[in-house]
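The values are calculated or read from the model by the stated rules, or taken from the named source; none is laboratory data. Remember, predicted model here, so these are calculated numbers, not experimental data. Heads up, the Cβs are rebuilt from the backbone with ideal geometry, glycines too, and the neighbour counts pull from every protein chain shown.
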Amino acid sequence: MKEESIGLIIGGSTGVVIGIILAVFALFCFRYHQKHLQIGNSSSRRAATIPIRTNGADSCTILSDSTIGAESPLKSGWNGMPFWLDGFKKSYMVSATGLPEYSYKDLQKATYNFTTVIGQGAFGLVYKAHMSTVETVAVKVLATNSKQGEKEFYTEVMLLGRLHHRNLVNLIGYCAEKGQHMLVYVYMSKGSLASHLYGEENEALSWNMRVDIALEVARGLEYLHDGAVPPVIHRDIKSSNILLDQSMRARVADFGLSREEMVDKHAAIRGTFGYLDPEYISSGKLTKKSDVYSFGVLLFEIIAGRNPQQGLMEYVELAAMNTEGKVGWEEIADSRLEGNFDVQELNEVAALAYKCVERAPKKRPSMRDIVSVLTRILKSRDHRNHHNKALSSTAEVYIDLDQTETKNSVSNHRRQDSVDSATDNEV
Ligand SMILES: Nc1ncnc2c1ncn2[C@@H]1O[C@H](COP(=O)(O)OP(=O)(O)OP(=O)(O)O)[C@@H](O)[C@H]1O
C-alpha cells in the first residue's frame with residue numbers, strides 16, 4: 001500500500017514535470033512565432049513609412065529606391081517570412097500589398113499571348129488586356145534586364161498599392177511569375193495628353209479642356225506631395241505620362257517606379273530631357289519643387305502645343321522678354337486653338353507656369369498653391385459664363401420686347417392706315 005502510494009506520487013510528479021516542460025516548450029514556440037510575425041509586420045511598416053532617400057528640408061521619399069531591400073531585417077525566408085510559413089506566401093502578399101496577384105497564365109490569356117501592345121516606355125512594353133473579372137486593364141511588363149530583385153518589386157508594389165486618387169492611374173494588381181514582373185493598371189482609353197497635343201488622329205483640344213486637364217494633373221500631384229504617406233516625388237512629369245480616361249479626365253501615370261536609365265549617369269539624374277529642373281541637374285538634390293518645375297514646363301506645353309524636347313523653353317524665354325512674365329502670352333498660344341481662348345485666362349495660366357519654372361526652387365509655388373490658382377481661374381470662368389448667359393438672356397428679352405413693339409407698331413400703323421383709307425373713302 002505504502003509502495004503503491006510512493007509509486008503514485010512519483011508518477012504524479014513525473015506527469016507534472018512533463019506537463020511543465022511541455023507548457024514551457026509551448027510558450028517558447030508561441031513567443032518565437034510572435035516575434036517572427038512582429039518582424040514581418042514591422043518590416044512592412046518600415047517599408048511603408050521610412051523615408052528611403054531624403055534630400056533637404058523640402059524633400060520627401062522616392063518610393064522606388066531599392067535601398068529598403070538591402071537594409072531590411074528580413075533574412076529568414078521569402079520576403080522575410082519564416083520558411084515554415086512559405087506555403088502561405090501568396091495570401092500573405094495579397095494582404096500585405098493590398099492588391100490582387102494575377103497569374104501569368106491569366107495575363108497571357110487576357111493579352112492574347114502578349115500580342116496587344118499599346119505602347120512602350122522605359123520600363124518595357126505595355127499591353128491592353130481583357131480580363132474576365134474587370135473590364136479592360138493595361139499590363140506593364142517590366143523589362144527583364146531590370147536589376148530590381150523580388151523584394152524590391154514587392155516593396156514597390158506594396159507602396160504603390162497604397163496610392164489612390166481620382167487623378168492618378170491607379171495600380172490594381174501585379175504578377176511576379178516565370179522571372180517576369182508585371183504591373184496591372186486601370187486602362188486609360190483616351191490615350192496620353194501628348195497624343196492629343198500632337199497626334200494627327202485626334203481633334204485639337206479646346207482651351208477649356210486644356211485648363212481642366214492642367215487642374216486635374218495638379219490635383220494628382222498635390223495628392224502625391226501632400227496627401228500620400230510617405231509623400232512621393234513623381235520625378236518624370238511629362239505629357240506622355242498624363243493619360244486620359246473615358247470621360248477625358250486626366251490622370252498622372254508612372255509615379256513611384258524605379259528607373260534604371262539616367263540622364264546623367266555620374267550625377268544619377270533621372271527624368272526626361274526638356275522637363276528637368278535645372279536646379280536638380282546642378283545640385284543633384286531632388287525635391288517636390290523639381291516636380292513643380294516639370295509641371296510648369298507641362299503648362300507651357302499645353303498652352304503652346306510645342307514639345308519641350310524641341311525648344312519649347314527657349315521659345316517661352318523669348319516671349320517672356322516682351323511679356324515680363326505677366327501679359328502678352330497669347331502670342332505663344334497653340335495655332336491649333338485658332339484663337340479660340342480667353343486672353344485673360346491664358347495670361348493667368350501662363351503667368352502661373354512662369355512662376356513654376358523660376359530658377360530658384362523657393363520662389364516656385366507648391367502644388368497646393370497651384371491647385372488653388374487654377375481652381376480660382378476656373379471659378380472666374382464659370383462666373384463669367386454665368387454672367388454672359390444672364391446678359392444674353394436679358395438681351396434676348398429685350399430683342400423679344402423690341403420685336404413685339406415693332407410688331408405692335410406695324411399693326412398700329414396698319415390699323416391707322418386702314419382707318420385713314422376708310423376715312424378717305426368716306427370723304
Ligand atoms: N494605364 C494605361 N492605359 C492605357 N494606355 C497606357 C497605360 N499605361 C501606359 N499606356 C500606354 O503605353 C505607353 C507607354 O507607357 P509607359 O508609361 O511605359 O512609358 P512612357 O510614359 O511613354 O515613357 P517613359 O517610360 O519613358 O516614361 C503610354 O504612352 C501609353 O500610350
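Couple of notes before you dig in:
- Residue within region 116-131 that is at pLDDT below 85, closer than 23 Å to Arg249 by Cβ, within 13 Å of the ligand (Cβ to nearest atom) and not polar (S, T, N, Q) present: yes
Here is a yes/no grid of residues against (1) buried (at least 18 other Cβ atoms within 10 Å of the Cβ); (2) in contact with a Ser or Thr (Cβ under 7 Å, 6 or more places away or on another chain); (3) closer than 23 Å to Ile237 by Cα:
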site	(1), (2), (3)
Tyr112	no, no, no
Gly119	no, no, yes
Thr136	no, no, no
Thr144	no, no, no
Met158	yes, yes, yes
Met182	yes, no, yes
Lys190	no, no, yes
Ser206	no, no, yes
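- Residues (on the phi > 0 side of the Ramachandran plot and within 12 Å of the ligand (Cβ to nearest atom)) located in region 174-191: Gly191
- Considering Leu205, Leu163, the condition of being more than 24 Å from Ile269 (Cα to Cα), assigned to a loop (DSSP other than H, G, I, E, B) and in contact with a Phe, Trp or Tyr (Cβ under 8 Å, 6 or more places away or on another chain) is satisfied by Leu163 alone.
- Test: residue in region 248-256 that is without any contact (Cβ under 8 Å) to a residue 60 or more places away in the chain, within 15 Å of Val186 (Cα to Cα) and of a type outside the set (Asp, Glu): yes
- For the residues Glu216, Glu203, the requirement of being in contact with a helix residue (DSSP H, G or I) (Cβ under 9 Å, 6 or more places away or on another chain), acidic (Asp, Glu), more than 10 Å from the ligand (Cβ to nearest atom) and not assigned by TED's automatic domain parsing to the domain that holds Met131 singles out Glu203.
- Any pair with Cβ under 6 angstrom, 6 or more apart, that starts in region 302-320 at a residue that is at positive phi and ends at one that is surrounded by 15 or more Cβ atoms within 10 Å (Cβ to Cβ): Gly305/Leu197; Gly305/Asp334
- Restricting region 216-236 to residues that are aliphatic (A, V, I, L, M) and buried (at least 20 other Cβ atoms within 10 Å of the Cβ), the residue that is farthest from Ile303 (Cα to Cα): Ala228
- Set side by side, the residues Ala138, Ala194 differ, and just one is within 13 Å of the ligand (Cβ to nearest atom), farther than 22 Å from His225 by Cα, in contact with a helix residue (DSSP H, G or I) (Cβ under 6 Å, 6 or more places away or on another chain) and modelled with pLDDT of 85 or more, which is Ala194.
- Enumerated helices (runs of 4 or more DSSP H) restricted to region 265-383, each holding at least 2 residues that are farther than 30 Å from Gly121 by Cβ: 312-323, 343-356
- Scanning region 237-250 for residues that are assigned to a loop (DSSP other than H, G, I, E, B), over 15 Å from Gly296 (Cβ atoms) and near the ligand (Cβ under 10 Å from one of its atoms) returns a single hit, Asp245.
- Residue match in region 363-371 (condition: touching a His at 6+ places or on another chain (Cβ under 7 Å) and not small (Gly, Ala, Ser)): yes
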